[in-house]
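Beneath this line is the structure, given in structure tokens, with notes to follow.
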Amino acid sequence: MPDFTRRENLKHLSGLGAAILGGGAGLAGPVRADDANGLIAEENAEHGTRDWMLSRPKVDASNRCPWIEGYCSRTSVAAGELLTFHVSTNPASSFVVDVYRLGFYGGDGGRLVTTLGPFQGIAHPQPAVGEKRARICDWPVAASITIPDDWLSGVYVGKLTEQKNGIQSYVIFIVRDHRKSDFLYQCSDNTWQAYNRWPSTFSLYDNGEHEWFWGGGVQVSYRRPYGKYRQILDAPLSTGSGEFFLWEFPFVFWMESLGYDVSYISNIDTHRDAAGLLRGKGLLSVGHDEYWSIEMFNNVRDAIAKGVSVGFFSGNAVCGRIAFDESGHTFERVGVFGPPGGTAEFHLMKTLAHERPYANELVGAHSTGPVTGGADWICTLPEHWIYDGTGMQSGDRIPGVIGWEWHGDPADIQGLEIVATGPTQSAPDTPNGGVYTATIYPGPKQNVVFNAATCWWADGLSEPPGYVRPKVYTEPKGPDARLQRITRNVLDRMLGK
């Protein structure tokens, strides 16, 4: 990369963003250099690489990678803290860990920050099935690192490569910081873990009898590898990385391409650190953010009361209520953030408590009706400021944006407005009886809470390397200048612009 000055870095980065993201500069131009904090822009002007992608992923019939797989000691870690990697190789093999920060980086999507190893790996046994079907690994430390002070907050992957045959998988973690920033990006990692079936049939949805169980009494733990994602689409890069690359990375890639000042946290940080939420002007929930604790709900509700804006660029958000055990890394489903009969009755869902607070009282709308399905984003309030600069009129559509899980049943919140709504379908031209509603409502201190009502919002922002587009119920069509501009309008309003 050329030796740019800081201001030249910002201009260079912004230009790349407009060129690569599919953008329409007149609708979704870059953040002005004077508005950017500089940290994210300067980081993304560093030399990028696509070597972060798995070049030789492999899974067995259970969608795990026993040849090399691992997990991290923490879901999120701060500078100066020790992070340990727990890795199994079967058969025994030496291995290396290449660590990358994920972002824009001139369109490459990642930057190599360090390489650890080689280390000698051995096969570790699967853990016994716990009392509530929890599979909790107690593998020894295979590698470790104290997070350097100059590692910027972000989502990081460790690419594990066993050196006998070159087979690869990931571990994933979040580097958090403590500074004030414009935005806090909250990864939806509780949901990644809830759907993780490693080593075979041990997700929150498996009770040993039913594949899509929705009751209580089943635990899952962060102390285990992520298997390959098994629903909706075939995503090889999900091996070891949860759902991040599926629904969230396009948002991160787009946001960092424009130099937005953003810091990253996990669901567990939202659960544990109420005060930490106040260091951002806006909190972002992206993708598939289904599983929340009551502590998370209360902490975000209180942050809104204190002036923090929230963008739920997500679907099925705040649906399943979970509780952590004393270890802090293992949780189970204990309730539903919605009314009895408010959704399709999944297997044994009625055995769980359906009690207030309901998700729509926080989000604006919530999972309802058949829960799954797809639709176009249909403009219903073109005079609203979220549509400024888009040229959209009432009834105009952005194809396929809504899916595969969505929000409806808007709450009776003072000032709440429905900005998009329409019927959902189970297949093209096959309505399934659902009605999604995208909403926005004002907070008490000129802050706002936006609800995009879909897991697939980020598909309309960018298409990073390795991205696989979903196609079920409907199909989003990729970067759309109108959707980019709506997102910019919401983020700018969060900043008081």
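The values are calculated or read from the model by the stated rules, or taken from the named source; none is laboratory data. What you are looking at is a predicted structure, and each value in this text was computed from that prediction instead of being measured. In this analysis, Cβ positions are derived from the backbone assuming ideal geometry, glycine residues included, and neighbour counts consider all displayed protein chains. Each accessible area value is taken on the protein alone, full model and side chains, heavy atoms only, with ligands, DNA and RNA left out. Shrake-Rupley method; radii C 1.70, N 1.55, O 1.52, S 1.80 Å.
Per 0.36 nm of contour for each residue apart, how much would the distance between Q414 and E475 grow if the chain were fully extended, relative to their Cα-Cα spacing? Length gained between Q414 and E475: 18.6 nm. Taking every alpha-carbon pair within segment 174-272, the share separated by more than 18 Å comes to 54 percent. In this label model, L112 and I294 are separated by 5.0 nm, measuring between points 7 Å along each Cα→Cβ vector. Overall, the anisotropy analysis places the chain in the oblate class: the square-rooted eigenvalues a ≥ b ≥ c of its C-alpha gyration tensor yield a/c not less than 1.5, with a/b not exceeding b/c.
Loop sites only, by DSSP: take the chymotrypsin sites (Phe, Trp or Tyr not before Pro) in the chain that have at most 14 other C-beta atoms within 10 Å and name the longest stretch containing none of them. Present the calculation step by step, with values, prior to reporting the outcome.
Working: sites that count: F4, W212.
The reported range is 213-497.
Near the amide H of N90, within less than 5 Å, lie the amide hydrogens of W67, I68, all on another chain or at least 5 residues away, with H placed in the peptide plane. Round to the nearest 0.05 the FRET efficiency obtained for T201 and L233 when R0 = 22 Å and r is the Cβ-Cβ distance. E(calc), rounded to 0.05, equals 0.65. Each label point was placed 7 Å from the Cα along the Cα-to-Cβ direction; for A323 and R279 their separation is 3.1 nm. Couplings 3J(HN,Hα) for segment 482-497, derived from phi with the Karplus relation 6.51 cos²θ - 1.76 cosθ + 1.60 (θ = phi - 60°), are 5, 5, 4, 5, 4, 4, 4, 4, 5, 5, 5, 5, 4, 8, x, 8 Hz, where x marks Gly and Pro. Summed over the residues of the chain and divided among them, the accessible surface reaches 35 Å² per residue at a probe radius of 1.4 Å. Solvent-accessible area of the chain (1.4 angstrom probe, protein heavy atoms only): carbon and sulfur portion equals 48 percent. Once the Cβ-Cβ distance between K497 and A79 is put in as r, and R0 is 22 Å, what FRET efficiency do you end up with, to the nearest 0.05? The calculated FRET efficiency here is 0.10. A cut-off of 5 Å between modelled amide H atoms, ignoring neighbours fewer than 5 places along the same chain, links T114 with V99. Taken over the chain, lysine pairs spaced eight or more positions apart, or on distinct chains, with alpha carbons under 25 Å apart number 23.
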